[in-house]
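What follows is a single structure, written as structure tokens, with notes after it.
Here, each number is a calculation from the coordinates, and none is a lab measurement. On a predicted model such as this, the values are computed, not experimentally measured, just so you know. All Cβ positions, glycine included, derive from the backbone under ideal geometry; neighbour counts span all protein chains shown.
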Amino acid sequence: MHPILIDGPAVEPVTLTEMKAYLRVDDDAEDELIAGLIKASRLMVEAAARRILIAQGWRLMLDRWPEGRTVPLPLSPVLSIESVRVFDAAGTASEVSAEVIDADLFADPPRLTATAAPERAANGIIIDLRAGYGVASDDVPDPLRLAIKILVARWFENRGDVAGDQTLPAEALALIAPFQRPRL
């Protein structure tokens, strides 16, 4: 089960204005570069923490329910389960009603249990969900936002100067560490 991004975040955890103030950049000549660095930094922090920062739509596809019908969700934090669909042998999708779904979104990892059984052998179950800390920049914990700023500042100041160094700065890793999820 590999998560598929359906729709990305509407905003980034750090705004362009905040980042420019952090970098002490006054003009608009580097706005496109800084915005790109913010997005790349968010992706790096999300990968390091194994958490989604800003609300995004994701899809999970399973062939069948695991033993016990409980699916540990690979994304966290989960804001909501948008839909669960199962397919019959003809490939027709049926929405699973909320009465047969038990979702524990506060567990780590979040988990979903359902009783409807798919008949299609491959990709018989589709789970659509929203993951992230919230829809606004301020919903993201401050240490993770600061880790993004540190990473953007490093990349902005050292453009092309650090060949082959793909590691996150130690100070960013220290900010991310309390939020890191264990691997499933």
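The dipole here belongs to the stretch 59-131: it is taken about the Cα centre, uses +1 on the Cβ of Lys and Arg and -1 on the Cβ of Asp and Glu, and is about 160 debye.
Under 5 Å from the amide H of residue 135 lie the amide H atoms of 55, each residue being 5 or more positions distant or on a separate chain, with H modelled from the backbone and absent for Pro and chain starts. Between the Cα long axis of helix 142-157 and the first principal axis of the chain there is an angle of about 50°, rounded to the nearest 10.
With θ taken as phi - 60° and the Karplus curve 6.51 cos²θ - 1.76 cosθ + 1.60 applied, the whole-hertz 3J(HN,Hα) list for the stretch 60-65 is 10, 10, 10, 6, 7, 6 Hz, x standing for glycine and proline.
Comparing Cα centroids, the stretch 98-159 and the stretch 56-92 end up 13 angstrom apart.
Taking amide H as placed 1.01 Å from N in the peptide plane, residue 73 has its amide H under 5 Å from the amide H of 111, 112, each at least 5 places away in sequence or on another chain. Computed packing ranks the peptides 103-111, 169-177 as 169-177, 103-111, most packed first, by mean other Cβ atoms within 10 Å.
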